[in-house]
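The values are calculated or read from the model by the stated rules, or taken from the named source; none is laboratory data. A quick note: this is a predicted structure, and the numbers were derived from the prediction, not measured. We place every Cβ from the backbone using ideal geometry, glycine too, and count neighbours over all the protein chains shown. Calculation scope for accessible area: heavy atoms of the full protein, side chains included, ligands and nucleic acids excluded. Shrake-Rupley method; radii C 1.70, N 1.55, O 1.52, S 1.80 Å.
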Amino acid sequence: MPVDTSPEKAIYVLETGDFQTLLDAVMERGHSIFGPVLRDGAITYDALHRDTDLPLGWNDRQQAGSYRLVKTKRKTFFAYAVGPHSWKKFLHPPSDMLCAAQRIDDRFSINEPDREHPRRAFLGVRSCELHALAIHDKIFTDGPFINEAYRRRRQDILIIAVNCSHPSETCFCTSLQTGPRATGGFDLALTEVLTSGNHHFIIETGSAAGAELCARLPVRKAARTDIEAAEKVTSAAAKKIRRSLNTEELRETLDQKFSDPHWGQIADRCLACGNCTMVCPTCFCSTVEDTTTLTGEHAERRLKWDSCFTAEFSYIHGGSIRSSTLSRYRQWLTHKLAYWFDQFGMCGCVGCGRCITWCPAGIDLTEETRKLQEKKFVIRRTNGR
Amino acid sequence: MAGKRKPKLAVWKFASCDGCQLSLLDCEDELLAVTGVVEIANFPEASRRVVGGPYDISLVEGSITTPHDAERIHRVRRASKLLITIGACATAGGIQALRNFADVDDFISIVYPSPQYITALAKSTPISDHIPVDFELRGCPINKYQLLEVVGALLNGRKPNIPPYSVCLECKRRGTVCVLVAQGTPCLGPVTQAGCNALCPSYNRGCYGCFGPQDSPNVAGFAAVLEQLNLRHDDIVRALRGFNAFAEPFRKVSEAYEK
């Protein structure tokens, strides 16, 4: 949405020693930069100012239910996959004030909060995350109901994407055509090229703002060989991806398997903790919470991240519609992989693998979906559970 | 509320450490606001002044461990319009419910020089096992903001925002990195009710389960995760036997692992 149409794509080379000039140019343009930083044993997204704030020389090892950092000898900048945070925490924050009310005698006044309008830059956005941003853009800003808070936060974001060189074991973007190479939705896209003699970035412009930035950097025009080297990085990354999701007739298959006993086997392992929905870059469900001070003079209404794994989520008069963990897991997976198409005309999953890594029980949605797909469709009488 | 008398609030203690009722005094900045909207009618930790019942709101701390208390709680109930139990002792039996897994007479004979003077029930039980309870506020100790939230909600006639879901939601909203996934630390967060704002994981510790089981707990599935982390069966029993050991979802699985 905020990305201008590119006048002409240009490709440059920036030496790693000059990386700080990029950060400086972004900050001079008035953007505060957010990107990958090390925190509490993981690569998270937070404010950064210097290239040395990046997780230099760190790799990650991800498996279903497990995440570990590994230090390497080489001073790589982006040699890791996505971590527990996603960009939604900045654009659709976990807790957001909608309005406040103040009692004045017998009346009350409503005060809307100052809508923040920060100029931010997101550094290190992966291709799967660009697709996740596009999904949220559609949900929040394309349609009859616009989420004004999201729209304002989103409009001035400068996006510096990074093409993936080190996908994790839980990644499966290639199945959904969402990566590892960024194809659009960025101002700049970097590829970190590390060969025996070279360590530099290939920078591709994706917008006028991106081109303007490059004009202020000590870059040189990329040669054919530079571009080929960058392409090799992403094609090698694509080959490293082991997990897959077969999307062929997935919507129909999931419809047919609605009463399959396999859901019960998943529910035996599922902790209904909600972690998958919290780390998912496309899960957007929220609840609205009203609070008052003791005297009742002041009240606030906040929007908070919610999860379809809680009992309260589906509470209507008389009780929860989805009282079992089985029904909640099925709701989450079928919404993401099937009903999202009906609702938004697209798949709700971008293949980033976060829900697999950060599930304490290590439940793998690609594996569970595959098991459901492999099972023969039988019509059975069921009480639905 | 102008012109109306202030609701009378009473605080009652049963078998407990007093930590939860002290959360009320710990309100500090908000304490004057509390006394502005309710009359503290019976709160021996705060004042020797006692106003007679009936009481609009009773906060009950502690578990039932003696025949005397099993009878006294009925008198408290009769004198209270709304009765709210506060803390792990009152809502689950507390840490003293560890005795429920053994013979209380064995403990008494070891601990007390003159055991003949001790009259104790075989089990430490939550208040709700004895009388109807209007609301349960979890925690060891309770969170003072949750206490203010419940009192504020009651006074303003709205539903209290006390979410019964897992600690994980609070961790993720704060942006805390999962200590279980990223470090292999045994953390009870996935099966424990939120309310502390995920305090321990934010200090790089696993959750101890102070707020008791979340409303949809899969404790057996969670114990299987702990086994994957190479915890032995007795470690798993100990992990589940904390302040909320006698809460049924924790108790059932800890007993299964004890066999």
Go through B:Ala198, B:Cys187, A:Ala236 and say which Cα lies farthest out towards the positive end of the charge dipole of the protein assembly as shown; charges sit on Cβ, +1 for Lys and Arg, -1 for Asp and Glu.
A:Ala236
Run the reach check for B:Lys259 against lysines, Cα to Cα strictly under 28 Å, same-chain hits fewer than 8 apart removed. What comes back?
B:Lys123
Peptides ranked, highest mean first, by Cβ atoms within 10 Å: ranges A:120-132, A:165-177, B:111-123:
A:120-132, A:165-177, B:111-123
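For the range A:250-374, what is the relative contact order in percent, using Cα pairs closer than 8 Å and at least 6 residues apart in sequence?
Once normalised by length, the contact order is 33 percent.
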For B:181-189, mean number of other protein chain Cβ atoms within 10 Å:
5
Relative to the longest principal axis of chain B, what angle (0 to 90°, nearest 10) does the C-alpha long axis of helix B:219-228 take?
40
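Give me the 1.4 Å probe accessible area per residue for chain B, excluding ligands and nucleic acids, in Å². Numbers along the way, then the final one.
Working: 11560 Å² over 259 residues.
Heavy-atom accessible area per residue stands at 45 Å².
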Phi-based couplings in Hz for the range A:358-364 (Karplus 6.51, -1.76, 1.60; Gly and Pro marked x)
8, 6, x, 8, x, 6, 10
Among A:Ile316, A:Ile43, A:Ile104, the residue with the largest mean-square fluctuation in a Gaussian network model of chain A built from Cα contacts under 10 Å is A:Ile104
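Show me the three semi-axes of the equivalent ellipsoid for chain A, from the C-alpha gyration tensor (sqrt of 5 times each eigenvalue), largest first, rounded to whole Å. Spell out each step's value before the answer.
Details: eigenvalues 269, 176, 65 Å².
They are 37, 30, 18 Å, listed largest first.
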Given C-alpha coordinates of the range A:11-240, what is the ratio Rg to Rh with the Kirkwood estimate of Rh?
1.02
Amide H to amide H, which residues 5 or more places from A:Ala121 or on other chains are under 5 Å from it, using H placed in the peptide plane?
A:Ser32, A:Ile33, A:Phe34, A:Leu158
Phi angles of the range B:20-26, converted by Karplus (6.51 cos²θ - 1.76 cosθ + 1.60, θ = phi - 60°) into ³J(HN,Hα) in whole Hz with x for Gly and Pro, give 6, 5, 5, 4, 5, 5, 5
Averaged over the residues of B:160-172, the number of partner chain Cβ atoms within 10 Å of each residue's own Cβ comes to 6
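Hey, any idea what % of chain B's accessible area is carbon plus sulfur with a 1.4 Å probe? Each step should come with its number before you reach the end.
Details: 6390 of 11560 Å².
Answer for chain B: carbon and sulfur cover 55 percent of the accessible area.
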Please tell me which of these pairs span more than 28 angstrom C-alpha to C-alpha: B:Lys6/B:Lys144; A:Lys304/B:Lys159; A:Lys75/A:Lys221?
none
Here the membrane-span-like helices of chain A, with no claim about any membrane, defined by DSSP H, Cα axial extent at least 18 Å and mean Kyte-Doolittle at least 0.0, are A:127-141
Looking at the range A:65-90, residues buried by 30 Å² or more relative to their chain on its own, accessible surface at probe 1.4 Å, turn out to be A:Arg68
In whole angstrom, how far apart do the alpha carbon centroids of the range A:52-73 and the range A:279-302 sit?
35
When the dipole is taken about the Cα centre of the range B:8-155, and only Lys, Arg (+1) and Asp, Glu (-1) are charged at their Cβ, what size is it in debye, to the nearest 20?
440
Net length gained if the chain between A:Glu112 and A:Glu300 were fully extended (0.36 nm per residue, minus Cα distance):
66.7 nm
Applied in sequence order to the range B:83-94, the curve 6.51 cos²θ - 1.76 cosθ + 1.60 (Karplus, θ = phi - 60°) yields integer Hz couplings, x standing for Gly and Pro, of 10, 10, 8, 10, x, 5, 5, 6, 9, 9, x, x
Rounded to whole angstrom, the alpha-carbon centroid of the range A:133-199 lies from that of the range A:315-377 at a distance of 23
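Please compute the Kirkwood hydrodynamic radius over the protein assembly as shown, one decimal place, Å, based on all pairs of different Cα atoms. Mind showing how you got there, number by number?
Values: mean 1/r = 0.0365 Å⁻¹.
Answer for the protein assembly as shown: a Kirkwood hydrodynamic radius of 27.4 Å.
Which of A:Lys88/A:Lys336; A:Lys240/A:Lys376; A:Lys88/B:Lys172; A:Lys138/A:Lys232 have a Cα-Cα distance over 24 Å?
Values: A:Lys88/A:Lys336 17 Å; A:Lys240/A:Lys376 31 Å; A:Lys88/B:Lys172 12 Å; A:Lys138/A:Lys232 32 Å.
As for pairs spanning more than 24 Å Cα to Cα, those are A:Lys240/A:Lys376; A:Lys138/A:Lys232.
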Might you report the magnitude of the Cβ-based charge dipole of the protein assembly as shown about its Cα centre, with Lys and Arg at +1 and Asp and Glu at -1, to the nearest 20 debye?
820
List the relative contact order of chain A as a percent without decimals, with contacts defined as Cα pairs under 8 Å and 6+ residues apart.
22
